Amino acid sequence: MDRVQLLLVGLPLFLFCSDIFSLFSPAPSKPAAPHHYHHGHPVSQPLIQPRHTPLEFPTQKASGIGYGNTVSIDFCSSCSYRGTAVTMKNMLESQFPGINVVLANYPPPLPKRLLSKVVPVVQFGVIGIIMGGEHIFPRLGLAAPPQWYYSMRANRFGSMASTWLLGNFLQSFLQNSGAFEVYCNGELAFSKLKENRFPGEIELKELVARRIVNSRVII
């Protein structure tokens with residue numbers, strides 16, 4: 001065996017033995033803390049613990065001219081009045097700091113809500129009859145299809161598109177309440193249903209300020 005073979009065999013054996021020796025050897029001890037000698041006796045230096053200062057947050061005091069007052073803006077969400085309601089909300093919060101402005105949907109009357117639930121059923125029913133053909137009418141108790149079915153069947157795609165658009169228009173109309181009602185502390189301050197118009201920003205600010213002052217006088 002020449003020197004190259006001895007080197008190739010001996011080097012891995014040396015590395016393996018060194019790993020085994022380091023594995024079973026005890027861990028080195030930590031260096032001892034420095035001692036100060038006073039009159040021949042060692043005096044250990046006390047450990048200085050870091051002081052944690054508590055975080056102090058500024059407390060927010062409940063203050064403001066509008067604190068304790070609530071303004072509710074009930075608007076028609078299907079009439080795209082949300083943008084106007086959000087504008088009025090931001091204006092009131094800036095003019096009366098601390099005021100609570102609540103936005104809510106003003107639903108239409110009960111009969112219109114019930115009819116708005118019926119419209120999609122009729123809408124899909126008519127489209128299903130147009131697509132189903134003459135086989136649906138015997139199951140409905142009719143011997144022959146009515147005359148309007150043949151008229152709608154002649155222009156099937158146009159009839160389905162017209163039914164879909166008309167149904168969506170009726171449903172949007174029935175869900176429309178046209179309301180923009182402003183309440184201040186439970187009292188009606190402005191009603192679009194009565195005035196048939198939207199309130200101006202200056203007008204609404206004066207109406208809310210008047211009711212806030214009146215509520216303070218009563219208290």
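Relative to the current alpha-carbon distance between residue 143 and residue 197, full extension at 0.36 nm per residue lengthens the span by 14.0 nm. Each 5 Å bin from zero holds the following percent of Cα-Cα pairs in the stretch 92-163: 3, 13, 15, 13, 11, 8, 7, 6, 5, 4, 4, 4, 4, 2, 0. Once C-alpha pairs closer than 8 Å and six or more residues apart are averaged by separation and normalised to the residue number of the stretch 160-219, the relative contact order reads 21 percent. A simple spin-label model places pseudo-atoms 7 Å from Cα toward Cβ; at residue 155 and residue 89 they are separated by 4.5 nm.
For the stretch 64-117, the relative contact order works out to 49 percent when only alpha carbon pairs closer than 8 Å and six or more residues apart are counted.
If the segment from residue 79 to residue 105 were pulled out straight at 0.36 nm per residue, it would be longer than the present Cα-Cα gap by 8.3 nm.
Readers should treat all values here as calculations from the given coordinates under stated rules, not as data from a laboratory. What you are looking at is a predicted structure, and each value in this text was computed from that prediction instead of being measured. Heads up, the Cβs are rebuilt from the backbone with ideal geometry, glycines too, and the neighbour counts pull from every protein chain shown.
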